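Input: a single structure, listed below in structure tokens.
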Amino acid sequence: MSETVELTVQKPVGLTVTPHDNGFGAEIGGIDLTKSIRDADFAWVHKAFLDYKVLVFRAQKLDDEAHHRLARYFGELEGHINKSTRHQALPKIQIFSNVKEDGSTTGEHPEKGTLVWHTDKSYVATPSLTTILRSPAIASVGGDTLFADMTRAYYNLSTETRARIDGMAAVHDWKRSREKSKERPATAEEIAAAPPVVHPMVRTHPETGLKAIYLGNHASHIVDMAIDEGEALISELEAHATQSEYIYRHKWQVDDVLMWDNRCTMHCVEPYDATKERRIVHRVVVKGDKPL
Ligand SMILES: [Fe+2]
């Protein structure tokens, strides 16, 4: 498989792209995301996004408006069906926080579904292209975000397994996902807004043409396969894809901006002590297209 995207625009002076050791994820330097992004800078950021799938920008003092603006370079923003985490004034922003208004902690993770491997919004027909987070407050212990490279994991499967799963499809179901992650049950309104959908288990990236395993906690079972047999195959593929060689572990710093390609990665958050630690993450999501 071809690993990188060709680009005719010269890399702008000052912009740095530093890939992680295993080639999954990269840190971008020499750019100020509080300001408008020049076309040439964006071309290289976008190339790095496609090449490395997870991008890290350090020390970016974004406010919510700048966070919005950054996301719009990548496409159309979309909200989330979970109203409890919505920003009151800017509903396209979700806030994951365990901090109350008086500064004390709630003692609970704000969204338990984030603690298990998933890809964002795969329970809808057109799941998220990218998710962009910023971190006004981080946990001193725990709270890392882990990513799995589902493209590399796919191409490292045996030829037989790839041939077996290439034509398969899985049902993705918000209601079932909530049950599996032991979150509060989905409400009738949420179930109506997000009925189960079917996606290919191997999707082809619309921009790179590369294939990736497309599963995660929202995947409940496999079409035309006994439920328990399908669950076992999903577990087996996820266990393969979350081996250390496919993982990037993001250790948060205050004012990080972290974004990833939901079309070819899974992610989860490492638990932290929600009674002691104060962790606040703001999230914006960009609409994607139908997995094919
Ligand atoms: Fe997520």
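Annotations for the structure displayed:
- Farthest toward positive dipole pole in the stretch 56-152 [+1 Lys/Arg, -1 Asp/Glu at C-beta], among Val124, Gly113, Met150: Met150
- The chain: relative contact order in percent, alpha carbon pairs under 8 Å with at least 6 residues between: 32
- Cut-off under 5 Å, modelled amide H: who pairs with Val99 long-range: Thr106, Arg279
- Evaluated on the stretch 140-292, the Kirkwood hydrodynamic radius is 17.0 Å, with distances taken between all distinct Cα atoms.
- Computed Kirkwood radius, in angstrom, where 1/r is averaged over Cα pairs of the stretch 21-152: 16.8
- The amide H of Ala137, built 1.01 Å from its N in the peptide plane, has Ile280 as neighbours under 5 Å, considering only residues 5 or more places off or on other chains.
- As a ratio to 2.2 N^0.38 Å, the alpha-carbon radius of gyration computed for the stretch 224-292 takes the value 1.48.
- Backbone amide hydrogens, once placed in the peptide plane, bring Thr130 within less than 5 Å of Asn262, Val286, excluding anything fewer than 5 places away on its chain.
- Size-normalised alpha-carbon gyration radius of the chain, reference 2.2 N^0.38 Å: 0.98
Here, each number is a calculation from the coordinates, and none is a lab measurement. Keep in mind that what you see is a predicted model, and the values were worked out from it rather than measured. When we count neighbours, we look across all protein chains shown, and the Cβ atoms used for this are built from the backbone with ideal geometry, even at glycine.
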